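Below: one structure, written as structure tokens.
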Amino acid sequence: MRRLGTRERAPASISELIPGFTPENELESRVVQSPELLEGLAWGRPRPGHPEGPVAAHVADLLERLERMNEPPERRSMLRFIILVHDAFKNKVQEWRPRTGENHHATRARRFAERFTDDERLLTTIECHDRPYGIWRKWKRTGKLDEERLEQFIDRLPDPDLFMDFVELDGSTEGKKPEPIAWFRDELRKRRPAG
């Protein structure tokens, strides 16, 4: 297992990692009590895509950005839960193994989230939040878009709007490329026009 970034011990509470954080509902209250979540939020050093370092710094940034948005209360609660969990299990990825399936941080995050909710909209968003970037990156590397993979992925989304809201929010932070997000937004519109 990897070390906790610059910390010597796991944090005792979410407020050690995200000063001023207050749970807004019972689900948040339960999830932020998990030592596993706290350990994962404490993990990290500056790296490509995350120059802020620890996962908690990224989560704090996303929570601040969400505060400035005018989301309806239910959507806001859903996004807050996704924000808290989505990257918190990067510390559990085994570096010597391929980062796929059960060894992908997002799959590990989904398994954790399943202990707190069975809402497939939340679980799929957590599990698949990096998928558009992966499909885009492969397309740019090979010059051929995997249409079947993209279509299967889009078909799997129970709430494409929630997914897109989160991907755009997550991708709005420093160190993230805007091109994959714009590409996916356009693909989603073409393949699932509003009706």
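The values are calculated or read from the model by the stated rules, or taken from the named source; none is laboratory data. Treat the numbers as computed from the prediction; the structure is a model and nothing was measured. Here the Cβ is made from the backbone with ideal geometry for all residues, glycine too, and neighbour counts use every protein chain on show. In case anyone asks, the SASA skips ligands and DNA or RNA and just uses the protein heavy atoms, side chains included. Shrake-Rupley method; radii C 1.70, N 1.55, O 1.52, S 1.80 Å.
Quick notes
- Across Lys90/Lys144; Lys138/Lys176; Lys90/Lys138, pairs whose alpha-carbon gap is larger than 20 Å: Lys90/Lys144; Lys90/Lys138
- Per residue, the stretch 137-195 exposes 61 Å² of solvent-accessible protein surface, assessed with a 1.4 angstrom probe and all protein chains in place.
- Estimated from the Cβ-Cβ distance and a Förster radius of 41 angstrom, the FRET efficiency linking Lys177 and Glu71 is about 0.95.
- In order through the stretch 133-141: 3J(HN,Hα) via Karplus (6.51 cos²θ - 1.76 cosθ + 1.60), integer Hz, x for Gly, Pro: 5, x, 5, 4, 4, 5, 4, 5, 6
- Only aspartates and glutamates eight or more places from Lys177 in sequence, or on another chain, were considered; those with a Cα closer than 14 Å are Asp130, Glu168.
- Packing-based ranking, highest mean first, of 33-39, 160-166 given that Cβ atoms within 10 Å are counted: 160-166, 33-39
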